[in-house]
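Since the structure comes first, as structure tokens, the remarks are kept for the end.
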Amino acid sequence: MSAATRVLVVGAGPAGSAAALAARRAGAQVLLIDKAEFPRDKVCGDGVAPQALDVLSVLGVDVDALTGGSAPVRTLRLTAPGGAVARRATGRPGWVVPRAVLDARLRDAAIAAGAQPVHHRAREVTVTADGVDVDGLVGDVLVAADGAESVVRRAVAPPPRPGTVALAIRGYAPSGPWPDGEQLLSLTAQHWPAYAWAFPIGDGRANVGYGEVLTGTPPTREHLLTRLHELLPDAEPTQLRAHRLPLSTGRVRTPDGRVLLVGDAAGLINPVTGEGIFYAVLSGALAGAAAAGGVDPGRSYRRALRRALGVHLRHTDALARLSRWPWVVDAGITAARGSQRVFDDVVELGLGDGRLGVRTGLSVARAGLRG
Ligand SMILES: Cc1cc2nc3c(=O)[nH]c(=O)nc-3n(C[C@H](O)[C@H](O)[C@H](O)COP(=O)(O)OP(=O)(O)OC[C@H]3O[C@@H](n4cnc5c(N)ncnc54)[C@H](O)[C@@H]3O)c2cc1C
């Protein structure tokens, strides 16, 4: 395809803005379509892993400006379902940036790079041999970055399998009970797999929340709030909202052709930690480049994503299967308490593109046998 490839990006969250940036860098014309007026809130824990910033930096984003106003997070405290605690410094700092701020800044970066914003709710997607059409907006390639309830996903892929979607509620609370610069993740055996988090932003507030994997009838808002208060009794959050998380155990395989699914629309959320922003910007960046340049963009994007994340995703699939038994997670966190190397491996698996190494596997097995 020529440099004048027309790329429609539906959704201007992290995945869509990264796709727009990458497609612009490759010389494509880009329409960045979103139903929301920005800045807009997005239900999230607001935790931004350093790996996500690495991807954005390669796309030319000024990551200091992106995280400006929030303080670096250098410590992670993991509490196991059985009560073991691992509290250690992370190799590189993470950030907690409210999504109302992060997403608007990222979208601004995409617009500054030449993407044309369009305020529109996508409803109908038509794909022909010659191009794509979203309610009369036409292009050569469509990048579907429209999030967990993606209309594009519904048009091209089956719904997620049971057990591959989580539901979580989040709010903002005074950060008093949780020290700035430290993220807390508290796993619980009740309604397993489930956890609560407290992520101080560095401005006097913390993002707090609770989520669990859906296995049958979805839990009510009251249930989520009760569990949140049980696990974080000091939290008095406001701005409470719940949202679904399509986990990578139910990810969508992008077909050959002109429609490329990225981020939550592709079901790319870490099944153990709920991290999705790194996957969103990485898949968006790969899709944007493939959309702008390939003979078969769907195929080249799928291959690029497999090269970048294939092994990692297989390891997190295995981890998700193993962690059906809470004692496996107890063993992992106990091993991480005893070893910085195991801790770093666990963090890289949960927030980045890490793999379950043999030495870490053995340390966890030993901790499990001792437990
Ligand atoms: C409670 C909760 C806590 C989380 N915590 C974290 C965390 O701390 N760290 C982390 O990394 N990840 C976290 N995640 C996951 C993270 O929020 C997502 O993985 C991430 O937002 C995915 O980005 P995206 O760009 O794919 O989708 P989104 O951020 O959802 O963006 C989708 C965009 O598409 C637009 N859109 C939707 N439908 C249409 C339509 N029909 N037409 C036009 N536009 C449309 C929306 O307005 C939106 O702007 C959490 C998720 C939840 C629910």
Residue match in region 55-67 (condition: within 16 Å of the ligand (Cβ to nearest atom), in contact with a strand residue (DSSP E or B) (Cβ under 6 Å, 6 or more places away or on another chain) and either part of a loop (DSSP other than H, G, I, E, B) or in contact (Cβ under 8 Å) with a residue 60 or more places away in the chain (or both)): no
Pairs, first closer than 20 Å to Thr188 by Cα in region 263-277, second in a helix (DSSP H, G or I) and within 8 Å of the ligand (Cβ to nearest atom), C-beta under 6 Å, six or more apart: Glu275/Leu351
Verdict on Arg244 being open to solvent by less than 30 Å² (accessible area, probe 1.4 Å) and either under 25 Å from Arg321 (Cβ atoms) or in contact with an Asp or Glu (Cβ under 6 Å, 6 or more places away or on another chain) (or both): no
Candidate set from region 162-178 (those that are in contact with a Ser or Thr (Cβ under 8 Å, 6 or more places away or on another chain) and open to solvent by 20 Å² or more (accessible area, probe 1.4 Å)); member that is nearest to Val127 (Cα to Cα): Pro162
Odd one out for Pro93, checked against (1) more than 19 Å from the chain's Cα centre (by Cα); (2) more than 14 Å from the ligand (Cβ to nearest atom): (1)
Subset of region 193-205 that is open to solvent by less than 10 Å² (accessible area, probe 1.4 Å) and more than 12 Å from the ligand (Cβ to nearest atom) - its residue that is modelled with the lowest pLDDT: Ala194
Options Leu21, Leu78; residue that is outside the structural domain of Val259 (by TED's automatic domain parsing), out of contact with any Pro (no Cβ under 9 Å at 6 or more places or on another chain) and open to solvent by less than 40 Å² (accessible area, probe 1.4 Å): Leu78
Selection status of Leu66, open to solvent by less than 20 Å² (accessible area, probe 1.4 Å) and of a type outside the set (Lys, Arg): yes
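The values are calculated or read from the model by the stated rules, or taken from the named source; none is laboratory data. Not measured: the values here are computed from a predicted model. Note that we place each Cβ from the backbone using ideal geometry, even for glycine, and neighbour counts take in every protein chain shown. These accessible areas exclude ligands, DNA and RNA; they are computed on the full protein's heavy atoms, side chains included. Shrake-Rupley method; radii C 1.70, N 1.55, O 1.52, S 1.80 Å.
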